[in-house]
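Input: a single structure, listed below in structure tokens.
The values are calculated or read from the model by the stated rules, or taken from the named source; none is laboratory data. No experiment lies behind these values; they were computed from the predicted model shown. FYI the Cβ positions are ideal-geometry reconstructions off the backbone, even for glycines, and counts take in every protein chain you see.
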Amino acid sequence: MSHEGIRFSTKEDQARQEEENRPLPKIAITPEKVRVLMTEGKGLEIDWVDGHRSAWGFAWLREACPCATCLEERKQEGRKPGQAKAKPAALLPMYTPPPKPESVIPVGRYAIQFNWLDGHTGGIYSWEYLRRVCQCRECEFERSETTGAPN
Ligand SMILES: [Zn+2]
Ligand SMILES: [Zn+2]
């Protein structure tokens with residue numbers, strides 16, 4: 001499992017990558033309980049084996065879709081996972097229903113896939129990805145500390 005951990009890169013590369021790819025312990029990326037609050041329309045909750053608890057709203061998850069298309073789009077627009085697109089101010093406000101999944105299916109043992117009501121599918125949210133984007137105060141604080149972003 002750890003064979004691919006060997007790579008050759010410069011020190012600067014490593015420093016940059018360590019921030020994002022800091023390995024997480026297995027217990028931190030193994031869910032003990034996964035709840036999808038479909039009927040409530042709320043979102044996803046995960047209790048991790050290490051005792052941590054995470055929760056994400058559907059709207060957030062939709063904007064954090066990890067598929068290649070969405071990743072690229074966010075990169076180009078400089079958006080973080082979960083950050084909504086800026087709404088064009090000049091247009092008449094239109095009602096858009098909040099994002100909701102049509103179905104949520106487990107992918108192997110490592111991920112969960114959301115198929116959204118708006119027709120977008122194919123985003124596979126791995127446990128590791130989800131843990132890395134945990135929205136709890138503790139994790140948010142830790143991330144703001146390490147990236148130096150203002151709170
Ligand atoms: Zn996507
Ligand atoms: Zn957290």
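In the range 46-67, what count of residues is obtained for those that are without any contact (Cβ under 8 Å) to a residue 12 or more places away in the chain and either basic (Lys, Arg) or in a strand (DSSP E or B) (or both)?
0
Mind listing whichever residues of the range 51-77 are surrounded by fewer than 15 Cβ atoms within 10 Å (Cβ to Cβ) and within 16 Å of ligand 2 (Cβ to nearest atom)?
Gly51, Arg53
Is at least one residue of the range 41-48 in contact with a Gly (Cβ under 7 Å, 6 or more places away or on another chain), surrounded by fewer than 16 Cβ atoms within 10 Å (Cβ to Cβ) and of a type in the set (Lys, Arg)?
Checked the range 41-48: at least one residue is in contact with a Gly (Cβ under 7 Å, 6 or more places away or on another chain), surrounded by fewer than 16 Cβ atoms within 10 Å (Cβ to Cβ) and of a type in the set (Lys, Arg).
If Phe114 meets every condition in (1) surrounded by 13 or more Cβ atoms within 10 Å (Cβ to Cβ); (2) touching an Asp or Glu at 6+ places or on another chain (Cβ under 6 Å) apart from one, which number is that one?
Unmet for Phe114, out of (1) surrounded by 13 or more Cβ atoms within 10 Å (Cβ to Cβ); (2) touching an Asp or Glu at 6+ places or on another chain (Cβ under 6 Å): (2).
Checking the conditions here, which among Pro99, Pro150 is modelled with pLDDT under 95, surrounded by 15 or more Cβ atoms within 10 Å (Cβ to Cβ), touching a helix residue (DSSP H, G or I) at 6+ places or on another chain (Cβ under 8 Å) and of a type outside the set (Val, Ile, Thr)?
Exactly one residue qualifies, and that residue is Pro99.
Conditions tested, residue by residue: (1) without any contact (Cβ under 8 Å) to a residue 40 or more places away in the chain; (2) within 16 Å of ligand 1 (Cβ to nearest atom); (3) hydrophobic (A, V, I, L, M, F, W, C).
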site	(1), (2), (3)
Pro97	yes, no, no
Ile112	no, yes, yes
Val133	no, yes, yes
Cys136	no, no, yes
